[in-house]
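The structure appears below as structure tokens.
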Amino acid sequence: MTEVMQKTYRIGPIRPPSEANSLLLQITEGCTWNRCKFCSLYRRKKFKAFSVESIKKDIDVMAEYAELAQNHQLKDGTWDRRAALQILEKMTSEEQECYYFIYRWLVHGGENVFLQDGNSLAVKTERILEVLRYLREKLPSIRRITTYGRAETLSKISVEQYRQLKEAGLDRIHSGFESGSDRVLELINKGVTSEQEITAGRNIKESGIELSVYFMPGVGGKEYSRENAIETARVVSAINPDYIRIRSTIIYKSADLWDDYLNGSFQMCSENDKLMEIKLLIENIKGCTTVLVSDHMNNLLQNVQGRVDLDRQKMLSMIDEYFAMPEYKQKMFQIARRSGLVTTPADLDLLSRDWVERISAAIESIKDEAVWNREMNNMMSRYT
Ligand code: SF4
């Protein structure tokens with residue numbers, strides 16, 4: 001019997017939340033470093049860079065599925081959903097996943113692509129250039145291409161190479177700086193220095209590629225909480241990245257940092273410590289037009305976002321309003337927020353009496369601060 005070749009392509013596991021509707025093109029697998037103490041994402045995976053040929057094959061399948069799906073876009077821009085999805089009936093389950101992914105991407109505009117995985121720019125620039133050019137040629141509706149890069153890797157790429165990448169169609173680089181403090185970077189075994197972060201950031205910005213960096217309030221523990229914020233503000237001020245995205249620290253039990261917490265060498269920050277770090281960060285960033293983005297559930301006050309130069313006061317007032325609440329109400333908000341019941345402190349007024357009683361009982365049952373912090377961390381560790 002002749003074996004029928006499946007038409008599928010690789011889909012990796014990770015993308016930033018801002019790329020939720022993007023097409024995912026996997027050019028690498030895993031991470032070249034794999035040793036950050038808070039991260040266990042790719043622990044069991046060895047880094048792998050896929051060949052340009054195999055990536056092109058994936059792009060070919062994507063382009064074929066895009067053409068198939070586009071036959072069912074109506075003149076007014078809407079979709080004949082039933083007809084577009086009827087095609088699924090003739091496919092294997094793996095093909096269905098790939099086709100549906102393309103269909104969904106097109107319905108969302110078919111404009112954005114994210115190159116996976118954890119450190120794609122570790123691949124030789126020439127290879128990425130070839131992939132970018134082919135991708136743009138085969139899927140001409142693309143308007144934006146983004147990827148992740150580790151700061152240490154990014155610091156070794158020249159402005160000229162970034163310019164070539166920009167010209168070939170790379171629009172934005174996301175990089176998990178996590179902290180601008182050298183002591184914190186060492187503590188979490190990030191394998192990068194703040195100087196390398198600054199070199200990487202300035203080179204990227206100079207080339208015209210957008211830069212989105214990530215900050216982790218709480219990742220330095222109680223000991224370095226203040227330094228974590230102030231030093232990150234220093235690094236951000238030296239670069240003026242387009243975005244700084246806040247990822248309040250969650251310590252997962254699968255990560256090495258959890259072992260440090262258990263053996264007492266790492267003291268977990270409270271929700272308030274982490275929020276204070278965000279406040280300090282906002283206060284100390286100077287001369288930047290950076291947009292602070294809070295696009296993850298793990299941030300206590302997710303509404304605190306805006307341009308650091310224009311919205312500084314507004315963001316600080318939101319944080320101050322929270323700190324002005326009595327401690328009991330702050331704790332009510334923390335539990336309600338971590339239970340997914342509320343988004344802002346004002347939402348507390350909407351809670352049912354039953355919920356208020358249950359939350360009050362939980363507050364009464366935990367008097368020890370360290371236990372409270374651990375419980376909040378455990379509630380948050382449901383988020384990825
Ligand atoms: S560089 Fe990123 S993906 Fe790699 S181990 Fe560190 S946090 Fe995880």
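The values are calculated or read from the model by the stated rules, or taken from the named source; none is laboratory data. Keep in mind that this is a model prediction, so the values were computed, not measured. Neighbour counts run over all protein chains shown; Cβ positions are idealised from the backbone, glycine included.
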Practice task
Return yes or no: is LYS7 in a loop (DSSP other than H, G, I, E, B), surrounded by 14 or more Cβ atoms within 10 Å (Cβ to Cβ), within 16 Å of the ligand (Cβ to nearest atom) and among the basic types (Lys, Arg)?
Solution key: no
Exercise for the section: Could you pull out every one of the helices (runs of 4 or more DSSP H) wholly within region 97-178 that has 1 or more residues that are without any contact (Cβ under 8 Å) to a residue 60 or more places away in the chain, farther than 22 Å from THR32 by Cα and away from the ligand (no atom under 16 Å from the Cβ)? Expected result: 125-138, 159-168
Practice task
For ARG35, state whether it is at pLDDT below 90, assigned by TED's automatic domain parsing to the domain that holds TYR99 and within 16 Å of the ligand (Cβ to nearest atom).
Solution key: no
Exercise for the section: Could you tell me whether region 40-56 includes any residue that is modelled with pLDDT of 90 or more, of a type in the set (A, V, I, L, M), touching a strand residue (DSSP E or B) at 6+ places or on another chain (Cβ under 8 Å) and within 16 Å of the ligand (Cβ to nearest atom)? Expected result: yes
Handout entry: Checking GLU64 against (1) in a loop (DSSP other than H, G, I, E, B); (2) of a type in the set (Asp, Glu); (3) surrounded by 10 or more Cβ atoms within 10 Å (Cβ to Cβ), the condition it does not meet
Key = (1)
Handout entry: Which listed residue, of SER294, SER381, is surrounded by fewer than 18 Cβ atoms within 10 Å (Cβ to Cβ) and either free of Cβ contacts under 8 Å to residues at least 12 places away in the same chain or under 19 Å from the mean Cα position of the chain (by Cα) (or both)
Key = SER381
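Condition check ((1) closer than 17 Å to LYS37 by Cβ; (2) surrounded by fewer than 24 Cβ atoms within 10 Å (Cβ to Cβ); (3) not assigned by TED's automatic domain parsing to the domain that holds ASN298) across all residues:
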{"site": "SER212", "(1), (2), (3)": "no, yes, no"}
{"site": "PHE215", "(1), (2), (3)": "yes, no, no"}
{"site": "GLY218", "(1), (2), (3)": "yes, no, no"}
{"site": "LYS222", "(1), (2), (3)": "yes, yes, no"}
{"site": "THR232", "(1), (2), (3)": "no, no, no"}
{"site": "VAL236", "(1), (2), (3)": "no, no, no"}
{"site": "ASP242", "(1), (2), (3)": "no, yes, no"}
{"site": "ARG247", "(1), (2), (3)": "yes, yes, no"}
{"site": "SER254", "(1), (2), (3)": "yes, yes, no"}
